[in-house]
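**Student:** My structure is below; once you've seen it, I'll send some questions.
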Amino acid sequence: MSSPEISAPPKRWPLVVPLVVVIALIALFGKRLADVEGGDDPRLLPTVLLNTPFPEMDLAALPNRAFGGLATTDLKGEVSLVNVWGSWCVACLAEHPLLVALNKEKTVPIHGIAWRDPPEASLKWLAQHGDPYTRVGQDPRSTAAIALGVTGAPETFVVDAQGVIRYKHIGPITPEVWQTKLAPLIAQLKK
Amino acid sequence: MLIELGHFALALALLVALVQGTMPLLGAARGNPAWMAMAEPAAIVQSLLCAFAFAALTHAYIVSDFSVIGVAQNSHTAKPLLYKISGVWGNHEGSMVLWITVLSVFGAAVALFGANLPRTLKARTLAVQGLIGAGFITFILFTSNPFIRLNPAPAQGNGLNPLLQDPGLAFHPPMLYLGYVGFSVAFSFAVAALLEGRVDSAWARWVRPWTLAAWVFLTLGIGLGSWWAYYELGWGGWWFWDPVENASFIPWLTGTALLHSAIVVERREALKSWTILLAIITFSLSLLGTFLVRSGILTSVHAFAADPARGVFVLALLAVAIGGSFTLYAFRAPAVDGGGVFSPISREGGLLINNLLLTTAATTVLLGTLYPLIADALELGKLSVGAPYFNAVFVPLMAPLVILTGIGPLLAWKRGDLAGALQRLKAAAGLAALALIATLALNGVDLINIAAAGGMAIAVWLFAASVTEWLSRVRGQDGLSWQRIVNLPRSAYGMTCAHLGMAVLVAGVTGATAWKEERIESLKPGEHIELAGYRVTFNTARDVRGPNYAALQGEYTVTRDGAAVATMRPEKRNFSQPVQQTTEAAIHTTGISDLYVVIGDMDGAEGAFVTRVYHEPFVPFLWYGVLLMGLGGLVSLSDRRHRIGAARRVSAPTHALPAE
């Protein structure tokens, strides 16, 4: 039994193939990075929730607040923000002054979901740092957080007048985020 | 103060790395021995400086110095010491410092242990290592500096993600980095060889131990990550084809290919240009993994907080390092080609097929991982590629690989005797057939069990074939010879051990995938779930406190045929800093299968808790398989031809050809 002997072919062009593949990949990554920088962040939700109605919920109120708890029906009729927060959350404290300031401007009602937070702790925290919320619903067992796909606090949802989620922001809202993303979107939704 | 010194040391390391990356290269080109000689002290000094910077950062974490921004963001005084330390690499900045420290230590190791290397090859290798170091230190200093102070310092830190507060995950990243970064040595050797225009069996003998060491670390690192996911995430799953898992698995596949092709270069001086290419590809894929995790361009649970500025920097580094080396390859590879010719049916031929299958598998996994990106770029819409794709393309590539792994080692170099090899594998084939029939007889004939029977059969085949191969080496006319058993080189034992590990792993993957069972029920105290012959009875749930968490602990009594088996206590831990829940599954193992119990939320007011029970047959085999493979690598590493100083002196081949 003799079989043909093989050895590495001396052709030159295959040697360039890896380089071409690498250049194509780098171009691909470059484009993706540019997209991410341009705001098309893939982590901004593979949101199955985007452009779907706000999930059904009816959360209990914090005691002794002027407005009641938060139910899905409360979100219809007006563009609003829903902010998931907790008195235990350090990053929430960072965005809080901005929420308080926004509430003074009265551009949009801000509702809160007090996530896994004893009501006394929530109230004490709001008394201490200011209360920007119209309605606040308690979510002691993460039912709302799970329905909303919340991965951590704070997270903020923009809900349109039909009660449909139009945007989700993960992490503290910075003035920059507000000016470049949320404010223009809210203005557009209000038209 | 220590922090500032650490910062300074890192800046100094950059300068040293720049010297290391340029002077020896110029010296090698001009034949200037003094310039070339700068490589070794530079590599050693660079590693000391990086290690000092890493130690300074670690100190800040241990003493909870919250005036350092990274410590404030990722640590907390209430954390146990182990997690204060592992917190150093639990975030992007700190993990980069670990990365660069490992890189520079590998460089120093080449400087210290490479006494027999030709002077120009050593100078060039260390120079390339220095250039990689310079690139990444620049990256740390300008975009990811962990030494920045925070003013005023907060009274308390943010804490570390509780999922990461786990012994398995404390050591997973360092292991992985030792693997990833270890491949930099093979890369540097490959680039240096291209610059030299010379690759021979001595080159392969120098590269192989480094590759082997990196491969062992990567194997154990991936295994550790999988083990962690299994017991910590509470789904009883151990592999998810997540982009970041893939990012570590792809270099493992090409690294495994490299390991095998380097043998061909060492023994037969064939496949040289291919081996160089694999060395470059493997480290490039390691860099790609680093990039994907840190740039935010892929969706993954593992991703670090993303920052596009970092992404641009790493991409630029990637373009220079990978693009540069492939350009060099395109120009210089013809210079290193040539070498031994061999028949397709030979040990070399078998290793070549091994390489083709492994690189094809690596390509398909890479394609699946990047496909969402490609689809997005081509406007095909946003999508994700999940386990069904990977299983569908990966398994058909691995099955032939596993079968051929049984045959390859029995073929002779240059021209093998396939019929003779198969003749000797009759017993193995018989056992495999037996496994096939037994699996079907025990579990019934349906689609899943046919696939499972196939998996078990090839696992038994590989196991038996590996034992056969070992026997054929140690058995002569006079039967088993103690002399032969002792004299067989360690590399042969390493191979056998790693292949046996592969067989055990295949059995584990097959069994764990095919026969996993689960039940989810809400149990009141005294109620039970029956699964796989076990009766799991819920007794009670109570609150317990850990150092930095409060937990709900369930107590379950497990019996089998009325006899007590175990008491299992799964926990649901509530961490307060940061707020997060983790599940601590309780696992009872028989060594062959696991019983896995998870306690969920309270259900209703009558003290009922949602309880999930999994029966996970063969999952322990996964860990045995990984450990055997890692052990095989270590045994092979201890072979005397790899030992320091032996590289040149050992001239006679140490592999015995199979007797025939």
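**Student:** The conditions are (1) surrounded by fewer than 20 Cβ atoms within 10 Å (Cβ to Cβ); (2) touching a Leu at 6+ places or on another chain (Cβ under 6 Å); (3) within 30 Å of B:Thr256 (Cα to Cα), and B:Trp623 fails exactly one of them. Which is it?
**Tutor:** It is condition (2) that B:Trp623 fails.
**Student:** Only one of A:Leu75, A:Leu59, A:Leu70 is within 23 Å of A:Gly171 (Cα to Cα), at pLDDT 85 or above and in contact with a His (Cβ under 6 Å, 6 or more places away or on another chain). Can you tell me which?
**Tutor:** When all the criteria are applied, what remains is A:Leu70.
**Student:** Can you spot a residue in the stretch B:583-593 that is of a type outside the set (A, V, I, L, M, F, W, C), farther than 30 Å from B:Arg490 by Cβ and within 14 Å of chain A (Cβ to nearest Cβ)?
**Tutor:** yes
**Student:** Report whether or not B:Ser67 is at pLDDT below 90, farther than 15 Å from B:Ile148 by Cα and hydroxyl-bearing (Ser, Thr, Tyr).
**Tutor:** No: the conditions fail for B:Ser67.
**Student:** Right, next: Filter the stretch B:371-390 for residues that are touching a residue at least 60 places away in the same chain (Cβ under 8 Å) and out of contact with any helix residue (DSSP H, G or I) (no Cβ under 6 Å at 6 or more places or on another chain) and give the result.
**Tutor:** Listed by number, the residues that qualify are B:Pro372, B:Gly386, B:Ala387.
**Student:** Moving on to the next point. B:Phe171 versus (1) in the same structural domain as B:Met36 (by TED's automatic domain parsing); (2) over 27 Å from B:Ala34 (Cβ atoms); (3) surrounded by fewer than 20 Cβ atoms within 10 Å (Cβ to Cβ): which is the lone unmet condition?
**Tutor:** (1)
**Student:** Any residue that is surrounded by fewer than 16 Cβ atoms within 10 Å (Cβ to Cβ) and in a loop (DSSP other than H, G, I, E, B) - is there at least one of those in the stretch A:87-96?
**Tutor:** The answer is no, given that none of the residues of the stretch A:87-96 is surrounded by fewer than 16 Cβ atoms within 10 Å (Cβ to Cβ) and in a loop (DSSP other than H, G, I, E, B).
**Student:** Related question: Got at least one residue in the stretch B:500-512 being touching a Lys or Arg at 6+ places or on another chain (Cβ under 7 Å) and either over 30 Å from B:Val402 (Cβ atoms) or not acidic (Asp, Glu) (or both)?
**Tutor:** Within the stretch B:500-512, not a single residue is touching a Lys or Arg at 6+ places or on another chain (Cβ under 7 Å) and either over 30 Å from B:Val402 (Cβ atoms) or not acidic (Asp, Glu) (or both).
**Student:** Report, by residue number, each residue of the stretch B:349-406 that is out of contact with any Leu (no Cβ under 8 Å at 6 or more places or on another chain), more than 18 Å from A:Ala24 (Cβ to Cβ) and more than 14 Å from every other protein chain (Cβ to nearest Cβ).
**Tutor:** B:Ala387, B:Pro388, B:Tyr389, B:Phe390, B:Asn391, B:Ala392, B:Val393, B:Phe394, B:Val395, B:Pro396, B:Ala399
**Student:** Where residues in the stretch B:328-348 are among the hydroxyl-bearing types (Ser, Thr, Tyr) and not in a helix (DSSP H, G or I), which of them is farthest from the other protein chains (Cβ to nearest Cβ)?
**Tutor:** B:Ser346
**Student:** Scanning for something under 11 Å from A:Arg135 (Cβ atoms), surrounded by fewer than 14 Cβ atoms within 10 Å (Cβ to Cβ) and more than 14 Å from chain B (Cβ to nearest Cβ), does the stretch A:54-68 turn up at least one residue?
**Tutor:** Checked the stretch A:54-68: at least one residue is under 11 Å from A:Arg135 (Cβ atoms), surrounded by fewer than 14 Cβ atoms within 10 Å (Cβ to Cβ) and more than 14 Å from chain B (Cβ to nearest Cβ).
**Student:** Considering every residue within the stretch B:103-115, establish whether at least one is closer than 29 Å to B:Gln156 by Cβ and touching a residue at least 12 places away in the same chain (Cβ under 8 Å).
**Tutor:** no
**Student:** Now for a different question. Take B:Lys79 and tell me if it is over 21 Å from B:Met1 (Cα atoms), crowded, with 20+ Cβ neighbours inside 10 Å, outside the structural domain of B:Leu224 (by TED's automatic domain parsing) and at pLDDT below 85.
**Tutor:** When the stated conditions are applied, B:Lys79 passes them.
**Student:** Could you check the stretch B:595-612 and list, in sequence order, the residues that are of a type in the set (D, E, K, R), more than 13 Å from chain A (Cβ to nearest Cβ) and either free of Cβ contacts under 8 Å to residues at least 60 places away in the same chain or not in a strand (DSSP E or B) (or both)?
**Tutor:** B:Glu606
**Student:** Answer yes or no: is there a residue in the stretch B:33-52 that is in contact with a Phe, Trp or Tyr (Cβ under 6 Å, 6 or more places away or on another chain) and crowded, with 17+ Cβ neighbours inside 10 Å.
**Tutor:** Within the stretch B:33-52 (the criterion being in contact with a Phe, Trp or Tyr (Cβ under 6 Å, 6 or more places away or on another chain) and crowded, with 17+ Cβ neighbours inside 10 Å), the answer is no, since none of the residues qualifies.
Here's the yes/no breakdown for (1) in the same structural domain as B:Ile148 (by TED's automatic domain parsing); (2) over 30 Å from B:Arg205 (Cα atoms); (3) within 24 Å of the chain's Cα centre (by Cα):
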{"residue": "B:Glu40", "(1), (2), (3)": "yes, no, no"}
{"residue": "B:Ala55", "(1), (2), (3)": "yes, yes, no"}
{"residue": "B:Gly70", "(1), (2), (3)": "yes, yes, no"}
{"residue": "B:Gly90", "(1), (2), (3)": "yes, yes, yes"}
{"residue": "B:Ser95", "(1), (2), (3)": "yes, yes, yes"}
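**Student:** Could I ask something else about it? Would you please name the residue that is farthest from A:Thr174 (Cα to Cα), looking only at residues in the stretch A:78-94 that are modelled with pLDDT of 85 or more and within 14 Å of chain B (Cβ to nearest Cβ)?
**Tutor:** Taking the candidates together, the pick is A:Gly86.
**Student:** Let me ask something else about it. If I ask for residues that are surrounded by fewer than 24 Cβ atoms within 10 Å (Cβ to Cβ) and either charged (D, E, K, R) or at pLDDT below 95 (or both), which ones from the stretch B:112-132 would you list?
**Tutor:** Selection gives B:Leu112, B:Phe113, B:Gly114, B:Ala115, B:Asn116, B:Leu117, B:Pro118, B:Arg119, B:Thr120, B:Leu121.
The values are calculated or read from the model by the stated rules, or taken from the named source; none is laboratory data. This structure is a prediction, so every number in the text was calculated from the model and none was measured. All Cβ positions, glycine included, derive from the backbone under ideal geometry; neighbour counts span all protein chains shown.
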